[in-house]
């Protein structure tokens, strides 16, 4: 191929990519397909001292998942329970089914890893996620409200969800 044709093809591809990025970043919050860049992620495992009392169960009451579909923890007033997302470059699907006190008030997502080695290997990373399906604030409240008397971080999530505009 001639260099000018290659240059034109490259310009067309770059233009198409820029338009794709532009449209995805202007998608309204709460819309499936929303792309969120720069999300801080960390990792946790069920064997950590602050998770041992819960075993391999999530705050939603399900078993922690690590396969094609994987568990994630977040502040449910930001990423409500049931939110499904994918990390750019990772074929796995994540579902927010857990929360943690250190996550409340942050936009950090904690990814479940079944071993300390995998948890430590992940470390802290900034990633781009695509929200495939937003979870439910109503379901988050139904789970959180009965627990609010137990912990300040749960009360904070409840208050944040209840303060959201209708």
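Brief remarks on what is shown
- Note on the stretch 91-125: among residues that are within 17 Å of residue 156 (Cβ to Cβ), in contact with a helix residue (DSSP H, G or I) (Cβ under 9 Å, 6 or more places away or on another chain) and in contact (Cβ under 8 Å) with a residue 60 or more places away in the chain, the one that is surrounded by the most Cβ atoms within 10 Å (Cβ to Cβ) is 110.
- Scanning the stretch 65-90 for residues that are in contact with a helix residue (DSSP H, G or I) (Cβ under 9 Å, 6 or more places away or on another chain) and over 19 Å from residue 33 (Cβ atoms) turns up 66, 73, 75, 76, 77, 81.
- Within the stretch 102-128, tally of residues that are part of a strand (DSSP E or B) and within 20 Å of residue 160 (Cβ to Cβ): 2
- Enumeration of residues in the stretch 154-166 that are in contact with a helix residue (DSSP H, G or I) (Cβ under 8 Å, 6 or more places away or on another chain) and surrounded by fewer than 17 Cβ atoms within 10 Å (Cβ to Cβ): 162, 164
- Among the residues of the stretch 126-151, the one identified as exposed (fewer than 10 other Cβ atoms within 10 Å of the Cβ) and touching a helix residue (DSSP H, G or I) at 6+ places or on another chain (Cβ under 9 Å) is 149.
- Single condition residue 88 does not satisfy, out of (1) free of Cβ contacts under 8 Å to residues at least 40 places away in the same chain; (2) in contact with a strand residue (DSSP E or B) (Cβ under 7 Å, 6 or more places away or on another chain); (3) surrounded by fewer than 13 Cβ atoms within 10 Å (Cβ to Cβ): (1)
- Any hit, the stretch 152-160, residues being at pLDDT below 95, outside any helix (DSSP H, G or I) and at negative phi: no
- Meets criteria (modelled with pLDDT under 95 and within 18 Å of residue 37 (Cα to Cα)) for residue 106: yes
The values are calculated or read from the model by the stated rules, or taken from the named source; none is laboratory data. Just so we're clear, the structure is a prediction, and the values are computed from it rather than from any experiment. With ideal geometry, Cβ positions are generated from the backbone for all residues, glycine too; neighbour counts draw on all protein chains shown.
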